[in-house]
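Visitor: Got a structure for you, written out below as structure tokens; questions coming shortly.
The values are calculated or read from the model by the stated rules, or taken from the named source; none is laboratory data. Every value quoted in this text rests on a predicted model; they were computed, and no experiment measured them. All Cβ positions, even for glycine, are placed from backbone atoms using ideal geometry, and neighbour counts span all protein chains on display.
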Amino acid sequence: MDFFEELRWRGMLKDSTPGVEEAFKAGKVTAYIGFDPTAPSMTIGNYVQIMLLTLLQKSGHQPVVLMGGATGRIGDPSGKDKERQLKSFEELDSNLQHQVKQMEKFLNFTEGDNKAILANNLDFYKEMNILDFLRDVGKTLTVNYMMSKDSVKNRLETGLSFTEFSYQLLQAYDFQMLFKEYGCTVQMGGSDQWGNITSGTEFIRRNLSEKAFAVTTPLLTKADGTKFGKSESGNIWLDPEKTTPYQFYQFWINADDRDSPTFMRYFTLKSKEEVEALEKEYADNPRGLKAILAEELTRRVHSDEDFEAVLKVSELMFNKKVDSEMVKQLDLKTLNAIAKEIPSYQVPKSTLDGQINILDLLTEQTDILESKSAAKRAIKNNAISINKVKATSEDITVSSADLIHDRFLFLDNGKKNKMIIEAV
RNA sequence: GGGGGUGCGCCGCAGUUGGAGAGGCGGGAUGGACUGUAAAUCCAUUGUUUCGGCUGAGUAGGUUCGAAUCCUACCACCCCCA
């Protein structure tokens, strides 16, 4: 199965320019996706695009990762209804480096004749002055053409700075540069990038009289209509420092059953036959299917060891048979492993020497809950457990005697929010 | 530049002849029950507090026994005209 067919059955194909399918069939194609370093880590939203490159490389084509060292300084108006806040150069640089490191985990940059190429569009512009830009880049497209793009049209009412308006010129010129330097003929991206990508194919047609192609993926939406990639507590990052492997795993486990078919296609590297066989096998066990997905992704994005650890912790935390007595029997090694995975809070040991009120523990010593009222509410609603014992009254106190191994305290807020408090 | 409108809890709306606001509806969110750590459904909660209160209708003043409501200035956003 070739790359294009692969995208099609996975449902990852939204639009493409004519001729691209033939181009992929004809031989090795070099294709790129751009990533602006607006955050210190990639999210699972970005991961859709990484999967595109992964699948591309797997089918023998050559991926190019273009980091937006320059475009990140400008801000892409696509899909945004407001002008962006500019980020400092230092922040962008450090973000870029983190993201490159993450990329290296998913693509092969070192071996083979289709090893991935890393480029930074800052290199295209840092020697360029404003006159060069206006003559060589700006002259290619008319303002009329640029204004017809959705990303611009949608902002005409609310406002769009010249800076963001110019973004599509940069992205278009990027494509032209990559075409010249690496023979890169395809740019891929999310469907919100369609306008910017086609500006690029237009550049190549006008300035180089060559043909280049665009491929976009549909915007991934969840069954409940909320934005993909966010949990209640925020973004799901690929960086274990920002989203622990446990939280990452839980994200997939907690996904809506109805999203499983989409997620299976978007995020696993399994073949069509394997996916379809699994779906048949797990038709009556949607949780099992999600577990398979969660496992594959946790192993790939984090590591085998992380997955093993996460699985152990998850089973322990969610096993209903685990009661107060059992958690007290846990050995120190296991506890330390758990503390690494689930959100943990450090509390000075001295504060636990006396009796500390549960409300103070929840609000003042930690920021598990934002106010005393919220803490009282949670207790009233039967949400809080300490060491697997429900807190039944707001007068309950905690002391060092409750600590397991003189160090840890399990705290649940609701069914899913498991935390550990560590006395230091 | 001129004219008009809007501004309250996480969000969107109601609500005014000036009469008790922690306060209606809808959504969201959180918790609980049932399940499966899913969905749907149902229930509860949704400013804060030392449980006495305190704070609260864009901001700052003013009128008044009493202001979300009336007046003045300013700020922000929206609409119309130029």
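Visitor: Filter the range A:367-410 for residues that are in contact (Cβ under 8 Å) with a residue 60 or more places away in the chain and in contact with a Leu (Cβ under 8 Å, 6 or more places away or on another chain); which is surrounded by the fewest Cβ atoms within 10 Å (Cβ to Cβ)? Reasoning before the result, please.
Guide: Going residue by residue through the range A:367-410, those that are in contact (Cβ under 8 Å) with a residue 60 or more places away in the chain are A:387-389, A:404-405, A:407-408, A:410.
Those left that are additionally in contact with a Leu (Cβ under 8 Å, 6 or more places away or on another chain): A:387, A:404-405, A:407-408.
Working: A:Asn387: 18, A:Ile404: 17, A:His405: 12, A:Arg407: 17, A:Phe408: 23.
Within the range A:367-410, the match that is surrounded by the fewest Cβ atoms within 10 Å (Cβ to Cβ) is A:His405.
Visitor: One residue is enough: does the range A:350-362 have a residue meeting the conditions near RNA strand B (Cβ under 9 Å from one of its atoms) and assigned to a helix (DSSP H, G or I)?
Guide: Our first condition is that a residue be near RNA strand B (Cβ under 9 Å from one of its atoms); within the range A:350-362, this holds for A:359-360.
From what's left, assigned to a helix (DSSP H, G or I): A:359-360.
Taking every residue of the range A:350-362 in turn, at least one turns out to be near RNA strand B (Cβ under 9 Å from one of its atoms) and assigned to a helix (DSSP H, G or I).
Visitor: Can A:Ile386 be described as of a type outside the set (Ser, Thr, Tyr), within 16 Å of RNA strand B (Cβ to nearest atom) and farther than 30 Å from A:Glu241 by Cβ? Spell out the reasoning first.
Guide: Numbers: of a type outside the set (Ser, Thr, Tyr): yes; within 16 Å of RNA strand B (Cβ to nearest atom): yes; farther than 30 Å from A:Glu241 by Cβ: no.
Considered against the rule, which asks whether it is of a type outside the set (Ser, Thr, Tyr), within 16 Å of RNA strand B (Cβ to nearest atom) and farther than 30 Å from A:Glu241 by Cβ, A:Ile386 comes out as no.
Visitor: So is A:Gln193 crowded, with 18+ Cβ neighbours inside 10 Å, more than 14 Å from RNA strand B (Cβ to nearest atom) and at pLDDT 90 or above or not?
Guide: Details: crowded, with 18+ Cβ neighbours inside 10 Å: yes; more than 14 Å from RNA strand B (Cβ to nearest atom): yes; at pLDDT 90 or above: yes.
In short, yes.
Visitor: Let me ask something additional. Where in the range A:1-90 are the helices (runs of 4 or more DSSP H), entirely inside, with at least 1 residues that are within 23 Å of A:Asp113 (Cα to Cα) and touching a strand residue (DSSP E or B) at 6+ places or on another chain (Cβ under 6 Å)? Reasoning before the result, please.
Guide: Numbers: elements: A:3-10, A:20-26, A:44-58.
Answer list for the range A:1-90: A:20-26, A:44-58.
Visitor: Is it true that some residue in the range A:282-291 is in a helix (DSSP H, G or I) and away from RNA strand B (no atom under 12 Å from the Cβ)? Let's see the steps before the verdict.
Guide: At the first step, the residues of the range A:282-291 found to be in a helix (DSSP H, G or I) are A:286-291.
Going one step further and asking which of them are away from RNA strand B (no atom under 12 Å from the Cβ), we end up with none.
No: zero hits.
Visitor: Considering only residues of the range A:256-280 that are more than 14 Å from RNA strand B (Cβ to nearest atom) and polar (S, T, N, Q), which is farthest from A:Phe228 (Cα to Cα)?
Guide: A:Ser271
Visitor: May I pose another question? Only one of A:Leu178, A:Leu160 is of a type outside the set (Phe, Trp, Tyr), at negative phi and modelled with pLDDT under 95; which? Give the steps one after another, and end with the answer.
Guide: On the way: A:Leu178 fails: modelled with pLDDT under 95.
Answer to the check: A:Leu160.
Visitor: Taking the range A:300-326 on its own, how many of its residues are within 24 Å of A:Ile404 (Cβ to Cβ), among the small types (Gly, Ala, Ser) and away from RNA strand B (no atom under 12 Å from the Cβ)?
Guide: Counting residues in the range A:300-326 that are within 24 Å of A:Ile404 (Cβ to Cβ), among the small types (Gly, Ala, Ser) and away from RNA strand B (no atom under 12 Å from the Cβ) gives 2.
Visitor: Let me ask you something else. Among A:Leu134, A:Leu178, which is in the same structural domain as A:Val29 (by TED's automatic domain parsing), within 16 Å of A:Leu66 (Cα to Cα) and part of a helix (DSSP H, G or I)?
Guide: Working: A:Leu134 fails: within 16 Å of A:Leu66 (Cα to Cα).
Only one candidate passes the filter, namely A:Leu178.
Visitor: Is it the case that some residue within the range A:311-330 is exposed (fewer than 14 other Cβ atoms within 10 Å of the Cβ) and of a type in the set (Phe, Trp, Tyr)?
Guide: Taking every residue of the range A:311-330 in turn, at least one turns out to be exposed (fewer than 14 other Cβ atoms within 10 Å of the Cβ) and of a type in the set (Phe, Trp, Tyr).
Visitor: Of all residues in the range A:114-137, which are in contact (Cβ under 8 Å) with a residue 40 or more places away in the chain and not hydrophobic (A, V, I, L, M, F, W, C)?
Guide: Applying the first criterion (in contact (Cβ under 8 Å) with a residue 40 or more places away in the chain) to the range A:114-137 yields A:114-126.
Matches in the range A:114-137: A:Asn114, A:Lys115, A:Asn120, A:Asn121, A:Asp123, A:Tyr125, A:Lys126.
Visitor: When the residues of the range A:95-138 are filtered to those that are of a type in the set (Val, Ile, Thr) and touching a strand residue (DSSP E or B) at 6+ places or on another chain (Cβ under 7 Å), which remaining residue is nearest to A:Gly200 (Cα to Cα)? Let's see the steps before the verdict.
Guide: Taking the range A:95-138 first, the residues of a type in the set (Val, Ile, Thr) are A:100, A:110, A:117, A:130, A:137.
In the following step, the residues that additionally are touching a strand residue (DSSP E or B) at 6+ places or on another chain (Cβ under 7 Å) were identified as A:100, A:117.
Numbers: A:Val100: 24, A:Ile117: 19 Å.
Filtering the range A:95-138 for residues that are of a type in the set (Val, Ile, Thr) and touching a strand residue (DSSP E or B) at 6+ places or on another chain (Cβ under 7 Å), the one nearest to A:Gly200 (Cα to Cα) comes out as A:Ile117.
Visitor: Taking the residues in the range A:199-228 that are crowded, with 16+ Cβ neighbours inside 10 Å and within 14 Å of RNA strand B (Cβ to nearest atom) as candidates, determine which candidate is modelled with the lowest pLDDT. First the steps, then the outcome.
Guide: Our first condition is that a residue be crowded, with 16+ Cβ neighbours inside 10 Å; within the range A:199-228, this holds for A:199-204, A:207, A:212-217, A:220, A:222, A:228.
With the extra rule that they be within 14 Å of RNA strand B (Cβ to nearest atom), the set shrinks to A:222, A:228.
Values: A:Lys222: 82, A:Phe228: 79.
Among them, the one singled out is A:Phe228.
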